[in-house]
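> The following block contains the structure, expressed as structure tokens.
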Amino acid sequence: MSKKVLFIDAFGTLLKGSIEAIADTCKEIVENNSLSMTPKEFLIVWDRHYKELLGGEFITLWRANEVSLKMTYEELGIEDETDSYLNEMYKSWYSVTPYDDVKEVFPKLSSITKCMLSNADDHLLDVALKKNDLHFEYYVSSERVRAYKPYPKIFQFALDEVGCRPDEVVHVGDSQTSDIVGAKRAGIPVIWINRYEEELMDGIPTPDYEVQSLHGMLEIVSREEHFSLW
């Protein structure tokens, strides 16, 4: 079956800076509160609460970060203000820039129909895409759908939006849980952009393709025997 549309994630796939901002926030909180844990260990606790919230009644990404960080503070017995940390983190998110390979590869995808599929609040995503001159024929955000990857609702919404079946699209993303698990649940082939040479975590299905950059993705979508994209 020939492929008609690329679903592409934003933060961590095309845009850099958001992951680093989270790491910096965790480091600052751990140091300022003299916690006997590493920033990575703090992030694990925060991420657990965060993912629990995303699986419940819909709340925005900003609100999910705020509530989950407060829950983390309560669990660890921290008395501190979350707003200042989150405000600084979000300033960084609004300042994200494309990875170098995006500038080189994205223009070569101009003839391919592309759908942005992102776990992000609309305003943040809109600013980031316009600021970095990234254009998509379709645009699907978690806030618009009121559902997050990896849950099937957002993938089905995107399929309905572009008028395709799961076997007519390919999803491209960097997150093991949101992108690999989400696409697989929806029956969509997935190209995993593994920029940092991560090992697959337990329980994560094997992606259809694994590459370290968008150059690798371009090679895959250019093979007409695999993808008749133009």
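The values are calculated or read from the model by the stated rules, or taken from the named source; none is laboratory data. Bear in mind the structure is a predicted one, so any value in this text is a computation, not a measurement. Don't worry about glycine lacking a Cβ; one is built from the backbone with ideal geometry, like all the others, and counts go over all protein chains shown.
> When you scan region 4-15, do you find a residue that is among the acidic types (Asp, Glu) and surrounded by fewer than 19 Cβ atoms within 10 Å (Cβ to Cβ), even just one? Even if it seems obvious, please write down each step before you answer.
Initially, region 4-15 is screened for residues among the acidic types (Asp, Glu), giving 9.
Then keep just the ones that are surrounded by fewer than 19 Cβ atoms within 10 Å (Cβ to Cβ); that gives none.
No, the conditions are met nowhere in region 4-15.
> If you check residue 51 against the conditions, is it out of contact with any Lys or Arg (no Cβ under 6 Å at 6 or more places or on another chain) and either assigned to a strand (DSSP E or B) or at pLDDT below 95 (or both)? Outline the logic, then answer.
Details: out of contact with any Lys or Arg (no Cβ under 6 Å at 6 or more places or on another chain): yes; either assigned to a strand (DSSP E or B) or at pLDDT below 95 (or both): yes.
Yes.
> Go through the residues of region 126-142 one by one and say whether even a single one is in contact with a Ser or Thr (Cβ under 7 Å, 6 or more places away or on another chain) and of a type in the set (Phe, Trp, Tyr).
No.
> Taking region 63-89, which residues are closer than 27 Å to residue 152 by Cα and either acidic (Asp, Glu) or in contact (Cβ under 8 Å) with a residue 60 or more places away in the chain (or both)?
Taking region 63-89 first, the residues closer than 27 Å to residue 152 by Cα are 63-69, 71.
Across region 63-89, the qualifying residue is only 66.
> Answer yes or no as to whether residue 28 is in contact with a Phe, Trp or Tyr (Cβ under 9 Å, 6 or more places away or on another chain), more than 21 Å from residue 182 (Cβ to Cβ) and in the same structural domain as residue 76 (by TED's automatic domain parsing).
Yes: the conditions hold for residue 28.
> Then there's this: Just to be sure I understand, how many residues within region 96-107 are touching a helix residue (DSSP H, G or I) at 6+ places or on another chain (Cβ under 6 Å) and either free of Cβ contacts under 8 Å to residues at least 40 places away in the same chain or of a type in the set (D, E, K, R) (or both)?
1
> Only residues that are surrounded by 17 or more Cβ atoms within 10 Å (Cβ to Cβ) and over 25 Å from residue 57 (Cα atoms): list them for region 144-170, please.
Those that are surrounded by 17 or more Cβ atoms within 10 Å (Cβ to Cβ) and over 25 Å from residue 57 (Cα atoms): 162, 164, 169, 170.
> Further question on the same structure: What are the residues in region 108-137 that are exposed (fewer than 14 other Cβ atoms within 10 Å of the Cβ), free of Cβ contacts under 8 Å to residues at least 40 places away in the same chain and part of a helix (DSSP H, G or I), if any?
123, 126, 130, listed by residue number.
> Every residue in region 39-54 that is in contact (Cβ under 8 Å) with a residue 40 or more places away in the chain and among the charged types (D, E, K, R), please.
Within region 39-54, just 51 meets the criteria.
> Could you check region 162-230 for strands (runs of 3 or more DSSP E) lying wholly inside it with 3 or more residues that are in contact with an Asp or Glu (Cβ under 8 Å, 6 or more places away or on another chain), β-branched (Val, Ile, Thr) and at pLDDT 95 or above? Talk me through it step by step, then tell me what you get.
Details: elements: 169-173, 190-193, 209-211.
Fully inside region 162-230 and qualifying: 190-193.
> Okay, next question. Kindly indicate which of 3, 103 is within 22 Å of residue 172 (Cβ to Cβ) and either part of a loop (DSSP other than H, G, I, E, B) or in contact with a Leu (Cβ under 9 Å, 6 or more places away or on another chain) (or both).
Values: 103 fails: either part of a loop (DSSP other than H, G, I, E, B) or in contact with a Leu (Cβ under 9 Å, 6 or more places away or on another chain) (or both).
Of the residues listed, the single one that is within 22 Å of residue 172 (Cβ to Cβ) and either part of a loop (DSSP other than H, G, I, E, B) or in contact with a Leu (Cβ under 9 Å, 6 or more places away or on another chain) (or both) is 3.
Yes/no matrix, rows are residues, columns are (1) in the same structural domain as residue 208 (by TED's automatic domain parsing); (2) among the basic types (Lys, Arg):
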site	(1), (2)
88	no, no
106	yes, no
114	yes, yes
119	yes, no
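> Name every residue in region 36-45 that is more than 17 Å from the chain's Cα centre (by Cα) and either modelled with pLDDT under 95 or crowded, with 16+ Cβ neighbours inside 10 Å (or both), in order of residue number.
39, 42, 45
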